[in-house]
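Some notes on the structure that comes next.
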């Protein structure tokens, strides 16, 4: 029997690889559409197909994005171990390629899963690294979001003084960039810490400031919550 040319596999042409990439991108975009529509199971199927293609093509930037979104939809489906595994590989690839912007996103999403699992210390560590990365690349809005998440995590560990320090910087950043929803949330959380410390007057003042910030947004639920807090405080 004559030797065939396909014994050791056939090298793929540039055109075929381009077709593969197009199919991977199409699957990824279909996943995004499903995810935005709340169809997490459908999103996971599309992302899994895209992942295989990006992995075969050694397209690390797209593979990182795919793994990050796979982690998010797994978390939404309550499959936390699967989500953390996807984030862990995405984290490794980010460090390997020096992709700091995506590393910040991945660490944030890892932290969110740890929060949902009640793992406050692990969550705080993830958010702290995101903060450091965002400072290094000049993303101050990202710094503010990371600090706010850190504050929430350390509050769960009863480290209220540390949380108050973190929130003070969040307030400064949100005022600088006119991030009214973030400002309102930070002020309201400062008020909760003041209540924890028995300082009702300070808490009431902070809630009034939070209400003023939320009134610059369309966040009716937060506006109503602030008004309810003031009612409970008798203000």
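Things to note:
- The stretch 61-80, residues that are surrounded by fewer than 16 Cβ atoms within 10 Å (Cβ to Cβ) and either more than 17 Å from the chain's Cα centre (by Cα) or touching a residue at least 60 places away in the same chain (Cβ under 8 Å) (or both): 61
- Any chance residue 104 is without any contact (Cβ under 8 Å) to a residue 24 or more places away in the chain, farther than 23 Å from residue 187 by Cα and not assigned by TED's automatic domain parsing to the domain that holds residue 60: no
- Residues being surrounded by fewer than 16 Cβ atoms within 10 Å (Cβ to Cβ) and assigned to a helix (DSSP H, G or I) - total across the stretch 33-44: 3
- Qualifying residue in the stretch 181-197 (condition: modelled with pLDDT of 95 or more and either out of contact with any helix residue (DSSP H, G or I) (no Cβ under 9 Å at 6 or more places or on another chain) or outside any helix (DSSP H, G or I) (or both)): no
- For the stretch 53-153, the helices (runs of 4 or more DSSP H) that sit wholly inside it and include 3 or more residues that are under 30 Å from residue 165 (Cα atoms) are 80-97, 100-116, 120-136.
- Where residue 188 falls short, out of the listed (1) touching a residue at least 40 places away in the same chain (Cβ under 8 Å); (2) within 19 Å of the chain's Cα centre (by Cα): (2)
The values are calculated or read from the model by the stated rules, or taken from the named source; none is laboratory data. Just so you know, these numbers come straight off a predicted model, no measurement behind them. Every residue, glycine among them, receives a Cβ derived from its backbone with ideal geometry; neighbour counts consider all protein chains shown.
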